[in-house]
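Have a look at the structure below, then the notes.
The values are calculated or read from the model by the stated rules, or taken from the named source; none is laboratory data. These figures come from a predicted structure and were not determined experimentally. A quick note on method: Cβ atoms are made from the backbone with ideal geometry, for glycine too, and the neighbour counts reach across all protein chains shown. The area values use the complete protein model at the heavy-atom level, side chains included, leaving out ligands, DNA and RNA. Shrake-Rupley method; radii C 1.70, N 1.55, O 1.52, S 1.80 Å.
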Amino acid sequence: MATTAELFEEPFVADEYIERLAWRTPGGGSRGGEAFDPKRLLEEFVNHIQELQVMDERIQRKVEKLEQQCQKEAKEFAKKVQELQKSNQVAFQHFQELDEHISYVATKVCHLGDQLEGVNTPRQRAVEAQKLMKYFNEFLDGELKSDVFTNSEKIKEAADIIQKLHLIAQELPFDRFSEVKSKIASKYHDLECQLIQEFTSAQRRGEISRMREVAAVLLHFKGYSHCVDVYIKQCQEGAFLRNDVFEDAAVLCQRVNKQVGEVFSNPETVLAKLIQNIFEVKLQSYVRDQLEEHRKSDAEQYLKNLYDLYTRTTNLSSKLMEFNLGTDKQTFLSKLIKSIFISYLENYIEVEIGYLKSRSAMILQRYYDSKNHQKRSIGTGGIQDLKERIRQRTNLPLGPSIDTHGETFLSQEVVVNLLQETKQAFERCHRLSDPSDLPKNAFRIFSMLVEFLCTEHIDYALETGLAGIPSSDSKNANLYFLDVVHQANTIFHLFDKQFNDHLMPLISSSPKLSECLQKKKDIIEQMEVKLDMGIDRTLNCMIGQMKHILAAEQKKTDFKPEDENNVLIQYTNACVKVCGYVRKQVEKIRNSMDGKNVDTVLMELGVRFHRLIYEHLQQYSYSCMGGMLAICDVAEYRKCAKDFKIALVLQLFDTLHALCNLLVVAPDNLKQVCSGEQLANLDKNILHSFVQLRVDYRSARLARHFS
């Protein structure tokens with residue numbers, strides 16, 4: 001049986017169990033070998049099965065015995081639990097009875113306590129009244145004998161007594177008790193002074209507990225506020241030794257905030273009174289000294305100081321918001337700030353506008369003086385308006401041309417200075433203006449910027465630039481208006497950036513937004529009209545210069561040479577000079593403008609350039625070799641047109657090049673060429689006009705082929 005038990009291993013697997021049994025049996029471990037004995041193995045299996053049956057019966061008996069024992073113990077445990085439940089129920093009943101009894105006794109005790117208190121309270125009051133009468137009699141006799149009045153260590157008790165006597169004396173008739181009332185008042189005052197002196201001494205010694213004790217006694221005296229004043233005064237002694245009064249104030253309040261709660265029963269009131277004292281005395285005096293010095297003599301410094309002081313004061317206020325100052329500390333601090341700055345903020349915007357106006361005028365005048373330029377007055381009124389309308393409709397120069405010697409009268413330095421002054425004005429306006437006046441004040445500052453930057457500087461430069469554009473028939477004219485366009489374009493970008501960055505946040509939610517946008521739109525449209533006018537007249541001058549070059553350099557013999565067989569040039573001298581001039585102007589236009597404006601102006605110049613060459617070619621007669629030379633010229637013009645990078649311009653010159661082929665094509669091929677892709681859609685009169693330029697046009701053969 002022991003051997004059988006050894007075969008059981010955890011975890012139990014039946015197959016492994018059989019294998020272990022066979023391996024232990026002699027002759028049963030080698031299947032198919034000589035030592036394998038199936039009978040012996042069968043016998044061992046039969047015996048082992050019998051052993052397992054015996055083991056199973058024994059284990060079953062043991063299990064039944066344990067089950068019987070478990071059932072017996074369960075019955076005993078259940079019986080014990082029932083007995084405990086009965087005992088617990090009895091104990092709970094006893095507890096309820098005890099609780100009711102305790103409640104009954106407690107009620108009786110409370111009732112007895114109330115009765116005792118009802119008897120004791122009048123007794124205590126009577127004892128207290130007797131003591132007060134005794135002390136009152138001492139004042140009537142005029143001699144204070146009680147130890148409480150003569151012993152300085154009992155000042156707290158004396159203060160309590162004299163405070164009560166003082167209240168009683170207020171109710172007594174003056175005619176009969178005037179003398180005793182006077183004595184009590186005198187003692188009241190003396191004790192009050194002693195307490196305040198004691199508080200002062202304790203504060204200087206740094207004895208917080210003594211300060212708290214004396215402050216608690218003084219709380220019921222009229223001089224309590226004087227005690228607070230003394231505390232506030234001594235807190236500030238030696239606190240403002242540095243140059244930064246705002247930082248000193250913040251440090252002082254931080255220190256007092258930690259201490260005031262340990263001394264006074266109403267710390268928020270005391271701290272608020274300290275802050276009020278700092279604002280109304282220290283800060284107000286400091287602000288007045290800093291501002292009054294420059295208020296009438298130096299507006300720039302006055303505005304800088306006002307902005308700086310107001311900013312530092314509001315920053316100090318933000319730090320003080322961390323402390324407990326009562327229910328509405330935001331309103332409290334705002335009123336303190338207003339009390340300091342109200343006299344300066346009432347007329348702030350007038351000072352700002354006055355300074356901005358004078359400063360802007362000075363910046364402009366200093367610039368014109370540096371150029372030795374006497375600024376012309378741009379007239380206004382009926383005649384000037386009439387001239388302006390005529391000029392806009394006809395694009396004619398009204399009045400004599402002015403030689404500006406290449407000066408644009410636009411300065412980025414001036415613009416940056418004006419924008420910087422305006423930016424600072426916007427910042428001051430945002431900080432110093434009342435929220436209800438902010439959009440209106442910002443609009444006034446913007447109007448100053450428009451007046452001096454846009455009207456007095458940019459518009460004046462445009463007017464001067466327009467007046468400086470020579471007439472289209474001038475020879476060797478210097479065209480500087482594109483430089484004006486380039487600088488004006490840069491200035492517009494800076495102007496627009498300041499409008500978006502600094503003005504928009506101030507007016508974005510007010511009706512002034514639409515007014516500012518309209519004002520900006522009007523001034524830009526007004527200047528764009530003048531820019532367009534100047535560019536148009538400049539383009540006319542460019543075309544005029546090209547006309548002069550062609551008139552001076554182009555000869556009739558260029559296209560009808562005397563010796564047809566001895567032409568050595570690839571294109572005419574006039575073509576070379578015109579192309580060189582055009583390339584310079586194209587580059588200048590690209591450098592002067594940006595975005596779609598470049599393409600628009602180049603397209604206009606390209607169209608006018610094409611019209612000029614087209615009309616120029618119509619002035620000559622062409623031999624066969626002259627026609628070839630004309631084609632070479634137009635090919636060079638077309639190459640120049642590629643620099644424009646405008647499809648329409650290149651298409652025009654491609655068509656012109658195709659038209660020039662009519663000057664050299666054989667008469668028999670004229671109709672075929674005219675019906676080609678580039679010429680098929682052209683008017684027949686245009687084709688005819690080019691064919692007429694041929695020297696052999698009068699021949700019957702050519703006329704017959706073209707008819």
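Is it the case that the range 282-297 has a residue that's part of a loop (DSSP other than H, G, I, E, B), more than 22 Å from F332 (Cβ to Cβ), in the same structural domain as G354 (by the TED database) and open to solvent by less than 60 Å² (accessible area, probe 1.4 Å)? Give the derivation first.
Keep residues of the range 282-297 that are part of a loop (DSSP other than H, G, I, E, B), which gives 293-297.
With the extra rule that they be more than 22 Å from F332 (Cβ to Cβ), the set shrinks to 293-297.
With the extra rule that they be in the same structural domain as G354 (by the TED database), the set shrinks to 293-297.
Then drop every residue that is not open to solvent by less than 60 Å² (accessible area, probe 1.4 Å), which leaves 294.
Taking every residue of the range 282-297 in turn, at least one turns out to be part of a loop (DSSP other than H, G, I, E, B), more than 22 Å from F332 (Cβ to Cβ), in the same structural domain as G354 (by the TED database) and open to solvent by less than 60 Å² (accessible area, probe 1.4 Å).
Answer with yes or no whether L517 is surrounded by 15 or more Cβ atoms within 10 Å (Cβ to Cβ) and not assigned by the TED database to the domain that holds K577.
On the way: surrounded by 15 or more Cβ atoms within 10 Å (Cβ to Cβ): no; not assigned by the TED database to the domain that holds K577: yes.
Answer is no for this residue.
Tell me which residues, restricted to the range 612-639, are open to solvent by 60 Å² or more (accessible area, probe 1.4 Å) and charged (D, E, K, R).
If the condition is that a residue be open to solvent by 60 Å² or more (accessible area, probe 1.4 Å) and charged (D, E, K, R), then E615, R638, K639 are the ones that fit.
With respect to E553, is the statement that it is free of Cβ contacts under 8 Å to residues at least 60 places away in the same chain, farther than 21 Å from I535 by Cα and of a type outside the set (A, V, I, L, M, F, W, C) true? Before the answer, list the steps.
Values: free of Cβ contacts under 8 Å to residues at least 60 places away in the same chain: yes; farther than 21 Å from I535 by Cα: yes; of a type outside the set (A, V, I, L, M, F, W, C): yes.
Yes.
Residues K530, K512, K556: which one is among the basic types (K, R) and surrounded by fewer than 19 Cβ atoms within 10 Å (Cβ to Cβ)?
Values: K530 fails: surrounded by fewer than 19 Cβ atoms within 10 Å (Cβ to Cβ); K512 fails: surrounded by fewer than 19 Cβ atoms within 10 Å (Cβ to Cβ).
On inspection, the qualifying residue turns out to be K556.
Could you go through the range 324-341 and let me know if any residue there is under 30 Å from E207 (Cα atoms), touching a helix residue (DSSP H, G or I) at 6+ places or on another chain (Cβ under 7 Å) and of a type outside the set (A, V, I, L, M, F, W, C).
Yes, some residue in the range 324-341 is under 30 Å from E207 (Cα atoms), touching a helix residue (DSSP H, G or I) at 6+ places or on another chain (Cβ under 7 Å) and of a type outside the set (A, V, I, L, M, F, W, C).
Any chance the range 470-480 includes a residue that's surrounded by 15 or more Cβ atoms within 10 Å (Cβ to Cβ) and part of a helix (DSSP H, G or I)?
No, every residue in the range 470-480 fails to be surrounded by 15 or more Cβ atoms within 10 Å (Cβ to Cβ) and part of a helix (DSSP H, G or I).
Which ones in the range 242-264 are over 17 Å from K319 (Cα atoms) and under 37 Å from the mean Cα position of the chain (by Cα)? So that I can check it myself, show each step before the final result.
Here is the first cut: in the range 242-264, the ones over 17 Å from K319 (Cα atoms) are 242-243, 259-264.
Across the range 242-264, the qualifying residues are R242, N243.
Could you check, for the range 674-688, whether at least one of its residues is under 60 Å from the mean Cα position of the chain (by Cα) and in the same structural domain as Y571 (by the TED database)? Quick ask: steps written out before the conclusion?
First, pick out the residues of the range 674-688 that are under 60 Å from the mean Cα position of the chain (by Cα): 678.
Then keep just the ones that are in the same structural domain as Y571 (by the TED database); that gives 678.
Yes, because at least one residue in the range 674-688 is under 60 Å from the mean Cα position of the chain (by Cα) and in the same structural domain as Y571 (by the TED database).
Name the one entry in R312, R288, R295 that is of a type in the set (K, R) and out of contact with any Phe, Trp or Tyr (no Cβ under 8 Å at 6 or more places or on another chain).
Working: R312 fails: out of contact with any Phe, Trp or Tyr (no Cβ under 8 Å at 6 or more places or on another chain); R295 fails: out of contact with any Phe, Trp or Tyr (no Cβ under 8 Å at 6 or more places or on another chain).
None of the other options fit; the residue is R288.
For the range 408-446, name all the residues that are open to solvent by 50 Å² or more (accessible area, probe 1.4 Å) and farther than 22 Å from E350 by Cβ.
Q412, E413, V416, N417
Working only within the range 336-377, note down all residues that are in a helix (DSSP H, G or I), among the charged types (D, E, K, R) and surrounded by 13 or more Cβ atoms within 10 Å (Cβ to Cβ). Steps first, please.
Here is the first cut: in the range 336-377, the ones in a helix (DSSP H, G or I) are 336-345, 348-370.
Pick out the ones that are also among the charged types (D, E, K, R) and you get 338, 350, 352, 357, 359, 366, 369.
Within the range 336-377, E352, K357, R359 meet the criteria.
Residues are listed down the side, and each one gets a yes or a no for (1) assigned to a helix (DSSP H, G or I); (2) free of Cβ contacts under 8 Å to residues at least 40 places away in the same chain; (3) outside the structural domain of E427 (by the TED database):
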{"position": "G261", "(1), (2), (3)": "yes, yes, yes"}
{"position": "K304", "(1), (2), (3)": "yes, yes, yes"}
{"position": "D308", "(1), (2), (3)": "yes, yes, yes"}
{"position": "R312", "(1), (2), (3)": "yes, no, yes"}
{"position": "N315", "(1), (2), (3)": "yes, no, yes"}
{"position": "S318", "(1), (2), (3)": "yes, yes, yes"}
{"position": "N324", "(1), (2), (3)": "no, no, yes"}
{"position": "Q330", "(1), (2), (3)": "yes, yes, yes"}
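Among the residues of the range 495-504, how many are in contact (Cβ under 8 Å) with a residue 60 or more places away in the chain and open to solvent by 20 Å² or more (accessible area, probe 1.4 Å)? Outline the logic, then answer.
Quick first cut of the range 495-504, residues in contact (Cβ under 8 Å) with a residue 60 or more places away in the chain only: 495, 498, 502-503.
If we keep only those that are open to solvent by 20 Å² or more (accessible area, probe 1.4 Å) too, we end up with 502.
Adding up the residues that qualify gives 1.
Look at the range 228-259 and say how many of its residues are part of a helix (DSSP H, G or I) and either farther than 11 Å from I275 by Cα or open to solvent by 30 Å² or more (accessible area, probe 1.4 Å) (or both). Break it down into steps so the answer makes sense when it comes.
Residues of the range 228-259 part of a helix (DSSP H, G or I): 228-235, 245-259.
Those still in the list that are either farther than 11 Å from I275 by Cα or open to solvent by 30 Å² or more (accessible area, probe 1.4 Å) (or both) too: 228-231, 233-235, 245-248, 251, 254-255, 257-259.
Qualifying residue count for the region: 17.
Could you tell me whether the range 449-468 includes any residue that is closer than 30 Å to C541 by Cβ, among the hydroxyl-bearing types (S, T, Y), open to solvent by less than 10 Å² (accessible area, probe 1.4 Å) and in a helix (DSSP H, G or I)?
We begin by selecting, within the range 449-468, every residue closer than 30 Å to C541 by Cβ; these are 453-468.
Of the ones still in play, those that are also among the hydroxyl-bearing types (S, T, Y) are 455, 460, 464.
If we keep only those that are open to solvent by less than 10 Å² (accessible area, probe 1.4 Å) as well, we get 460, 464.
Pick out the ones that are also in a helix (DSSP H, G or I) and you get 460, 464.
Yes - at least one qualifying residue is present in the range 449-468.
Would you confirm whether or not the range 667-676 contains a residue that is β-branched (V, I, T) and crowded, with 16+ Cβ neighbours inside 10 Å?
Narrowing the range 667-676 to residues β-branched (V, I, T): 673.
Among the residues that remain, those that are also crowded, with 16+ Cβ neighbours inside 10 Å are: 673.
Yes, the range 667-676 has at least one match.
Could you please find all residues in the range 569-611 being farther than 30 Å from F492 by Cβ and open to solvent by 60 Å² or more (accessible area, probe 1.4 Å)?
Listed by number, the residues that qualify are I569, Q570, Y571, N573, V576, K577, R611.
Would you check if there is a residue in the range 547-562 being assigned to a loop (DSSP other than H, G, I, E, B), of a type in the set (F, W, Y) and modelled with pLDDT under 95?
If we filter the range 547-562 for residues that are assigned to a loop (DSSP other than H, G, I, E, B), which is where we start, we get 554-555, 559-562.
Next, only the ones that are of a type in the set (F, W, Y) stay: 559.
Then keep just the ones that are modelled with pLDDT under 95; that gives 559.
Checked the range 547-562: at least one residue is assigned to a loop (DSSP other than H, G, I, E, B), of a type in the set (F, W, Y) and modelled with pLDDT under 95.
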